[in-house]
Amino acid sequence: MKNVNTMLVSVLILILFILPVSAAEPIWTLRSGNDVISVDISSDGLYGAAGSLDDTVTVFTTDGKVLWTYLAGGDVLTLEFSPKTAYLAVGSADNTISLFSLNGTKLWSDTKADDVVTLSFASNGEYLAIGSWDNTVTLYNVAGNTLWTVKREDDILSVDATDNGDYVAAGSSDGKVALIDREGTVRWAYDTGDAVTSVATSMNGGYVAAGSQDNAVYLFDRNGVLNWKYNSGDDILSVAIAKDGTMVAAGSSNDNIYLFTRDKTLAWKYAADSDVFKVRFLAEDQYISAGITNKSVMLFETDGRIAWQQTVPADVLAFAIADNRRFMLAALSDALTYVYPVVLPTTSPAVTPTSEPEAEVTVADTATATPPVTSQDTPASPGSSGDSFPLLPVLVLILAVGGGAVYILSRKREESTRLTEEPSFLEVNLGEDEIEAEERQAPSLPVQESEEEPVAAEEPREEPAAVEEQIREEANLNGETAEEWYNKGRRLSTEEKYEEAISAYDKALVLKDSDADTWYNKGYALDSIGRYKEAVNAYDRALKINPNDIDSWNNRGTALMELNRYEEGIGSFYKALKINPRFAVAWDNKGTALLALGRVEEAKECFEKALGIDPKNDVFRAHLHLTEK
């Protein structure tokens, strides 16, 4: 039987290489004055954009009509359509990020100190993250306002924004992966040891994938814990992650395409004939596209079957496939951009699943966090966006808190039309060994656990039945769903209309009371208008659903401090730090509570630990000075 299986595998592999895969002639071609190194196509396949080394942006319809062109002040390094094709963001070598409407009107631009090489729209289309060779990551809204700028230690090579812009992952040439939150705070950073050429986030930032020139693919959770590391034997050029974080795809300079599951299983591997410089998930994560330098673009089903393959007449510098799989753009080394139809066959040849030696997959105890750099707010100014661009050999690798006495963290969740992502915290092993290892890796003072005993969340109070029934009737009045009420609450909260936001969250919760994020955001809104007892109750409801949510533990602690319940607040910070001992804000908040109780030496130790994690944070430093008077 063993020999028969071997023969069958051999036959399948032979079929894979000789079976004709659907391909077609190009619909039309666009000639540029120099190589095009960045392309994008709208999700509906109707519009395309190309950016070239002759400084030109060209926008066209996929049936062959050029709509407009724009001459930048330098090479066009990266561009991307917003999710609903309302905008086109362009990053160029004249240090500029620009945002255009679909009709070619420049809406705004912003100038950085060096080339803008990578960009990412949030999936709601309202926010734009960019990375520049001036070592900065910047988040804009589409109106052109700068929400934050974070300075890192080296060139930014890749960024990816979560669906609502709540988190931005960034990879840099010094080997660091960092996750930055909506407030511009670096939540964690990890040193891979070599340039991080590609990063990708799951829908809500619960998982972050990274590819590095240290030959490895990494998967982290939102807390910075390293779930696993896979050594491919050569540079990783691109990574992609499914919206729910269940699959990770990677392309390597050893000519391989990989698909992993979240539990670190190598589902399959495909051997191409040259560098795989870009991989992406398409069509609600049903397909994976792959660009292969040596004249080929491929589309795989997630079970490894080849759905489509297009051979092209020259080396591929950039490509994009429409999410509806109608058309593909390919920019080639002959200075031509080709538009091909994507014709999916009724049956697809299968890729033989490949099992790699177990030794190639490494599971780390915890992420080795490096000291994050504090965000630096810049004045609101016009700006735009950029996307990592695949160029030949080396170039393809490269272009691809506010302050106060206490910190309250806000976040939001994906719209109702998105998949519901499993909370990352439920996947985290919170054993003592992990925490001790994290403490040993602190960059300054060793991070130790609090001596206080942890406190449990209070048993949440229930709404009176009559009140709940009235809210339910109002919620059902217009037939709106829990997700729609939730999104309305998030919008109102952003506008600082907290009373109205609370009312919207209440309606969402009578329809679906098992959503931790809704309870969390209700708590945040209550916190914001001084209703601290109710805020604590809302955080308790969130923690009853998801007891490993560090943001809920932290905000619960700050609300308790406002109620002068400092000992209980310290217990909440203990719980947050038990989950992630590198959570600098929780160390600072714990120190503030201890200081209020007159426990100055203990407070000083907490502030020192916060500074050890985030040494450039002026607020932490100011709090430390309070203990020296």
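The values are calculated or read from the model by the stated rules, or taken from the named source; none is laboratory data. Since we're looking at a predicted model, the values are computed, not measured. All Cβ positions, glycine included, derive from the backbone under ideal geometry; neighbour counts span all protein chains shown. Surface accessibility is based on the protein's heavy atoms, side chains included, excluding ligands, DNA and RNA. Shrake-Rupley method; radii C 1.70, N 1.55, O 1.52, S 1.80 Å.
Provide a single number: the residues in segment 505-518 that are open to solvent by 20 Å² or more (accessible area, probe 1.4 Å) and under 26 Å from the mean Cα position of the chain (by Cα).
The number of residues fulfilling the criteria is 2.
I'd like the residue in segment 280-311 that is in a strand (DSSP E or B) and hydroxyl-bearing (Ser, Thr, Tyr) and, out of all such residues, is most open to solvent (accessible area, probe 1.4 Å).
Top of the filtered list is THR311.
I'd like to check something: does segment 129-136 contain any residue that is open to solvent by less than 40 Å² (accessible area, probe 1.4 Å), in a strand (DSSP E or B) and under 23 Å from THR337 (Cα atoms)?
Checked segment 129-136: no residue is open to solvent by less than 40 Å² (accessible area, probe 1.4 Å), in a strand (DSSP E or B) and under 23 Å from THR337 (Cα atoms).
Yes or no: ASN548 in contact with a Phe, Trp or Tyr (Cβ under 6 Å, 6 or more places away or on another chain), at pLDDT below 95 and part of a loop (DSSP other than H, G, I, E, B)?
Taking the combined requirement at face value, the residue satisfies it.
Among the residues of segment 573-610, count how many are in contact with a Leu (Cβ under 8 Å, 6 or more places away or on another chain), under 14 Å from ARG556 (Cβ atoms) and hydrophobic (A, V, I, L, M, F, W, C).
4
For TYR524, state whether it is surrounded by 24 or more Cβ atoms within 10 Å (Cβ to Cβ), of a type in the set (Phe, Trp, Tyr) and either over 21 Å from ASP221 (Cβ atoms) or touching a strand residue (DSSP E or B) at 6+ places or on another chain (Cβ under 7 Å) (or both).
yes
Look at THR337 and say whether it is open to solvent by 10 Å² or more (accessible area, probe 1.4 Å) and not hydrophobic (A, V, I, L, M, F, W, C).
It is false that THR337 is open to solvent by 10 Å² or more (accessible area, probe 1.4 Å) and not hydrophobic (A, V, I, L, M, F, W, C).
Within segment 227-279, which residues are surrounded by fewer than 20 Cβ atoms within 10 Å (Cβ to Cβ) and closer than 22 Å to VAL168 by Cβ?
Correct list: ASP244, THR246.
From LEU179, LEU147, which residue is open to solvent by less than 30 Å² (accessible area, probe 1.4 Å) and not in a loop (DSSP other than H, G, I, E, B)?
LEU179
With VAL248, VAL199, VAL208 as the choices, which residue is part of a strand (DSSP E or B), at pLDDT 95 or above, under 17 Å from the mean Cα position of the chain (by Cα) and farther than 30 Å from ASP273 by Cβ?
One residue alone meets the criteria, VAL208.
For ASN537, all conditions in the list (1) touching a Lys or Arg at 6+ places or on another chain (Cβ under 6 Å); (2) under 20 Å from ALA504 (Cβ atoms); (3) open to solvent by less than 10 Å² (accessible area, probe 1.4 Å) hold save one; what is the number of the exception?
Unmet for ASN537, out of (1) touching a Lys or Arg at 6+ places or on another chain (Cβ under 6 Å); (2) under 20 Å from ALA504 (Cβ atoms); (3) open to solvent by less than 10 Å² (accessible area, probe 1.4 Å): (3).
Looking at LEU332, LEU317 in this structure, which one is closer than 18 Å to ASP54 by Cβ and under 25 Å from the mean Cα position of the chain (by Cα)?
LEU317
Going by the structure shown, is THR185 touching a helix residue (DSSP H, G or I) at 6+ places or on another chain (Cβ under 8 Å), crowded, with 24+ Cβ neighbours inside 10 Å and under 24 Å from VAL117 (Cβ atoms)?
no
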